[in-house]
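Following: one structure in structure tokens, then a few remarks.
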Amino acid sequence: MAQRLLIMGPQGVGKGTQAALLSEHYGIPAISTGDIFRYNLKNGTELGKQAQSYMNKGELVPDQLTNAVVEDRLGMDDVKGGWILDGYPRSAPQVEALDAMLEHLDTPLSAVVALDADRDVLMARMQKRAQIEGRADDTPEAIAKRLDVYAKETEPLLQTYADRGLLIKVNGVGEINDISASIIADLDARS
């Protein structure tokens, strides 16, 4: 059975790391919305040009355009056998848009993996990442603000997926391979 997964959780919880490991295990692409935007920008696609016009003004790309970019990506040939979507949906309107896309593509969602960790652990991880990667945008204030936005706007979406019986909650603290093994065991038990 094809795995079509969402991986959700606050910044610094290890979504990208786990998405890459799950991608390798199941042989399906890990898709981050950031990567989709970068691809469209780099290749000068119509969607990329539209996104660039907002980014040049320092504005967030609106949901309608984000939804179009995600739908375009989920319609590509390499995702026919499944996918892992990281960074989307982030809001209730995006959940509705994703539901409509998946219905249109006749590709139901398999599960939603929600990684979690205490706020102090996330703050420490993000500050360490900022030092290692030299990321100027990862100030303690900026990190705290992004965690607050996640808690307010995205975390409530987990209940929607729990109500649908799709949610797998996983502690994002521990050995990376132990966390993936736990996720894989939960996913395989559902198949």
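Each reported figure results from applying straightforward, stated rules to the coordinates on display, with no laboratory input. Please read these numbers as outputs of a predicted model, since none were measured by experiment. Methodologically, a virtual Cβ is constructed for each residue, glycine included, from the backbone with ideal geometry; neighbour enumeration extends over all protein chains shown.
Give me the lysines in straight-line cross-link reach of LYS49: C-alpha distance below 18 Å, same-chain residues under 8 apart excluded.
LYS57
So what is the relative contact order of the chain, in percent, for Cα pairs below 8 Å that sit 6 or more residues apart?
32 percent
Per-residue ellipticity at 222 nm for the chain, helices alone: DSSP H runs ≥ 4 residues times -39500 (n - 2.57), over residue total, nearest 500 deg cm²/dmol? Walk me through the numbers before you get to the answer.
Values: 9 runs with 106 residues, N = 191.
Taken over the chain, the calculation gives -17000 deg cm²/dmol.
Per residue and in Å³, how big is the convex hull formed by the alpha-carbon atoms of segment 1-68?
122 Å³
For the chain, modelled as a Gaussian network with Cα springs under 10 Å, which listed residue fluctuates most, ARG90, ARG135, ARG73?
Highest fluctuation of the listed residues: ARG135.
Can you give the Rg/Rh ratio of the chain, where Rg is from the C-alpha atoms and Rh is the Kirkwood radius?
Working: Rg = 16.5 Å, Rh = 17.4 Å.
With Rh from the inverse mean 1/r over Cα pairs, Rg/Rh is 0.95.
Which residue, VAL79, ASN171, PHE37, has the largest displacement toward the positive end of the dipole of the chain when charges sit on each Cβ (Lys, Arg +1; Asp, Glu -1)?
PHE37
Tell me which residues come under 5 Å, amide H to amide H, from LEU167 once H is placed; ignore anything under 5 positions away on its chain.
So LEU167 has HN proximity to VAL112, ALA162.
For segment 171-178, just list the computed ³J(HN,Hα) in residue order, Karplus coefficients 6.51, -1.76 and 1.60, θ = phi - 60°, integers in Hz, with x standing in for Gly and Pro.
6, x, 10, x, 6, 3, 5, 5
Which lysines, if any, have their Cα less than 22 Å from the Cα of LYS169, not counting same-chain residues under 8 positions apart?
Cross-link targets: LYS15, LYS152.
Considering only the other residues whose Cβ falls under 9 Å of the Cβ of ALA114, what net charge follows from Lys and Arg at +1 and Asp and Glu at -1?
Numbers: positive: LYS169; negative: ASP116, GLU155.
Residues close to ALA114 contribute a combined charge of -1.
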